[in-house]
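Here the structure is laid out as structure tokens; the discussion comes afterwards.
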Amino acid sequence: MKICLLSYRGNPYCGGQGIYVMYIARELVKLGHEVHVVAGPPYPFDEEGVVIHRVSNHNYFNKKKDFIKPHKPFATFQPLNFYEFVAAKMGIFPEIETFSIRAFFKLKELLKTHKFDIIHDNQCLGYGFLLIQRLGVPFISTIHHPLTIDRSTWFEYPSDFNIKMRRILYYPLLMQKFVANRMYKIITVSHNAAIEINKAFGVKQKNINVIYNGMDSSLFYPVKGVQKKKNSIIFVGNVEDRKKGVIYLLKAMTLTKHKVSLTIVDGGAPNRSTVPNLINKFGLNGRVTFTGKIPIDKLIRLYSRNEIAVLPSLYEGFGFPAAEAMACELPVLTTTAGALPEVVGEHMKTGYLVPPRDAHAIAEGIDFLLDNPDLRREMGKAARKRVLEVFTWENAAHELVAMYDEVINAHR
Amino acid sequence: MPRPRIFGYLAVLFALILTGFFIYSLTLVFNENITFSQIDLQQLSNFTFYAIAAPIGLVSMVVIGTGFWIGWTILAIKVVPPMPEIVEKKDFSKIKAFFMCIITLALGVLLIYGIYIRNFWALAIPAAAICIVILGAVFWVGIAIITTRSTLPEEKQKS
């Protein structure tokens, strides 16, 4: 099968969608398929057997200055770029929409030399997809979770009118709803995400297929001989992402009977001001360490060095950090929000589940797990077993191929 | 001077001159007693009028509609209230959102009514606003071209 994957951001360090594309492409190649990836910046890493087609942009939204490329000084005056520039400066996030249009032109060009059997998008859903559908190739999309959840979790935090206005403009929800309802099939990564997509976008359940993400358990494994640091907990995720609920973890640290120390793994922290301010506010100075951006091998050692992984999310469509920690045999304390119970499994067996937004419950959970080292060990082992059985990229790729076949046959 | 920089200056000049003309036209309105509002758009054929009015009206309605939608979303969204410990100041966003809805609704009605009775200002004000935004963006890009570093990154020089 000749498969074309689309991703408006392709790099695994930019979040779940980059990880998804990298592993799915790798596994599909292993199954003998020809895989092309059309991706926007930051681009995916080169992968053996995967052909990457780069779709560039000027990143007007994030670059306040120096958005002019010296070798293409007039590019901003091109219609699509000029639209992207004006929209970005007005606070709209146009990258998804413009990527979809650029991807259409790229695919039109590629289809002259490559006859793709299927095109599979990854969480973009821009208006350009309505054009891609006219290219005559079966076209499906993966939605990891609807962005309505990101927007509402932002609204849970203290903010003013301007911040709220910017957040509403930022998320392209109307476009995604419009396009999602016109896709032949939507794939999502958990049953909870399927329910949320139905609620937010009105996509019929029969058009949504659930295929769980995988976890690279050969990359994430318990490192032998690493000494655990006493009363240590780890949080992995973007602290500025409000739905990660880091504020409830910081509050919980003020309530635990053990004096726990927290390691935050986030490429952008602590340069972002929100969490350092909260640390001051809660009097946690000296108890929180920021690692900044670190390589995977260091992250794995950190998982092995800490006693508990805490993921206090208000919502997760899947929750890669939970699965990573589980693969490293680290007990995970997380919430019952979103797909986390689906991923983590049974409370007290493969993980410890608490209600979302409950700092007291998080504190109790941390104390309980720190008081019970044997249970922690058993929980960690059961968690890794669960990951090995349920969440493999190989399974995900097999299920995807079955789904591709179904869509291609229906298209004929 | 490198060619891109010359074009950058041209873009800035273009935006400045047109903005200058626009400001000059405003002084004409106030100083020379020219009453644009008496320009009779009724004399135009339907096709000619709507060829101008439809695109301007549509763009304006999209902007006004977006404003209303923002206000409405802030008013209607139901979320868990923030943790009391981190609330530093009172949030008046719902009140502001309410006024935003009222104002945008009123502007929308005015615009539609203005286009319906073929009022000059119903087209002139949105057209001026759209032009100012576009000229502002051209000016911004022009300045960015002028001030950008002119040396190419190494990999681009090689290619």
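Rule-based calculations on the coordinates, nothing more; no lab input. On a predicted model such as this, the values are computed, not experimentally measured, just so you know. As a convention, Cβ positions derive from the backbone with ideal geometry for all residues, glycine included, and neighbour counts pool all protein chains shown.
Considering helices alone, the calculated mean residue ellipticity of the protein assembly as shown at 222 nm is -16500 deg cm²/dmol, with DSSP H runs of length four and up weighted by -39500 (n - 2.57) and normalised per residue. Coupling constants for the range B:47-61 follow from the phi torsions by the Karplus curve (6.51 cos²θ - 1.76 cosθ + 1.60, θ = phi - 60°), and in residue order they are 4, 4, 4, 6, 4, 8, 5, 5, x, 5, x, 5, 4, 5, 5 Hz; glycine and proline get x. Extension gain for the segment residue A:175 to residue A:411, taken as residue separation times 0.36 nm less the Cα-Cα distance, is 82.5 nm to one decimal.
Within chain A, the longest segment free of exposed loop sites, counting chymotrypsin sites (Phe, Trp or Tyr not before Pro) that fall outside DSSP classes H, G, I, E and B and have at most 14 other Cβ atoms within 10 Å, spans A:185-412.
Taking other Cβ within 10 Å of each residue's Cβ, how do B:93, B:45 sort, fewest first?
Working: B:93 20, B:45 8.
Arranged by neighbour count, lowest to highest, B:93, B:45 become B:45, B:93.
So which GluC sites (Glu not before Pro) in the range A:304-388 end up in coil per DSSP with only 13 or fewer other C-beta atoms within 10 Å? Don't skip to the end; give the middle numbers.
Numbers: sites: A:307, A:316, A:324, A:329, A:342, A:346, A:364, A:378; in loops: A:307, A:316, A:329, A:346.
In loop regions of the range A:304-388 (DSSP not H, G, I, E or B), the sparsely surrounded GluC sites (Glu not before Pro) are A:346.
Given contacts defined as C-alpha pairs under 8 Å and at least six residues apart, what's the relative contact order of the range A:324-401, whole-number percent? Present the calculation step by step, with values, prior to reporting the outcome.
Values: 93 pairs, mean separation 29.9, N = 78.
Computed over the range A:324-401, the figure is 38 percent.
Within the range A:212-242, the trypsin sites (Lys or Arg not before Pro) that combine a DSSP coil assignment with at most 10 other C-beta atoms in a 10 angstrom radius are A:224. Cα centroid separation, the range B:58-112 to the range A:292-335: 38 Å. Does the range B:1-132 come out rounded, prolate or oblate, given a ≥ b ≥ c as the square roots of the eigenvalues of its C-alpha gyration tensor, rounded meaning a/c under 1.5 and, failing that, prolate meaning a/b above b/c? Oblate is the answer for the range B:1-132, as a/c is 1.5 or above yet b/c matches or exceeds a/b. The distance linking the range A:56-75 with the range A:21-39 is 30 Å (Cα centroid to Cα centroid, whole angstrom).
Taking amide H atoms as placed 1.01 Å from N in the peptide plane, the amide H of residue A:37 lies under 5 Å from those of A:5, A:51, A:52, A:53, each 5 or more residues away in sequence or on another chain.
Under the combined filter of DSSP loop state and at most 15 neighbouring Cβ atoms within 10 Å, the range A:103-175 retains these trypsin sites (Lys or Arg not before Pro): A:112, A:115. The distance from the alpha carbon centre of the range A:137-207 to that of the range A:353-409 is 23 Å, rounded to a whole number.
Relative contact order (percent) for the range A:25-143, with alpha-carbon contacts under 8 angstrom and 6 or more residues of separation? That works out to 18 percent. All C-alpha pair distances within the range A:319-412, sorted into 5 Å bins from zero, spread as 2, 14, 21, 19, 14, 9, 7, 6, 4, 2, 1, 0, 0 percent across the bins.
By the gyration tensor of its Cα atoms, with a ≥ b ≥ c the square roots of the eigenvalues, what is the shape of the range A:51-182: rounded for a/c under 1.5, prolate for a/b over b/c, or oblate? Oblate, since a/c reaches 1.5 and b/c is not below a/b.
Tell me, what are the semi-axes, in whole angstrom and largest first, of the equivalent ellipsoid of chain A as set by the roots of 5 times the Cα gyration tensor eigenvalues?
Details: eigenvalues 262, 130, 75 Å².
Its equivalent ellipsoid spans semi-axes of 36, 26, 19 Å.
Of the residues A:218, B:25, A:273, A:100, the one with the fewest other Cβ atoms within 10 Å heads the list, and the complete ranking is A:218, A:273, B:25, A:100.
Using C-alpha pairs below 8 Å separated by at least 6 residues, the relative contact order for chain A is 13 percent.
Ordered by the number of other Cβ atoms lying within 10 Å of each residue's own Cβ, fewest first, B:147, B:19 fall into the sequence B:147, B:19.
What the phi angles of the range A:379-385 give under the Karplus curve with 6.51, -1.76 and 1.60, with θ = phi - 60°, is a coupling list of 4, x, 5, 5, 5, 4, 4 Hz, glycine and proline written as x. The coefficient of translational diffusion for the range A:174-283, derived via Stokes-Einstein from the alpha carbon Kirkwood radius under 20 °C and 1.002 mPa s, stands at 121 µm²/s. Amide hydrogen proximity for residue A:234: with H placed 1.01 Å from N in the peptide plane, the residues at 5 or more positions away or on another chain lying under 5 Å are A:263, A:308, A:309, A:310.
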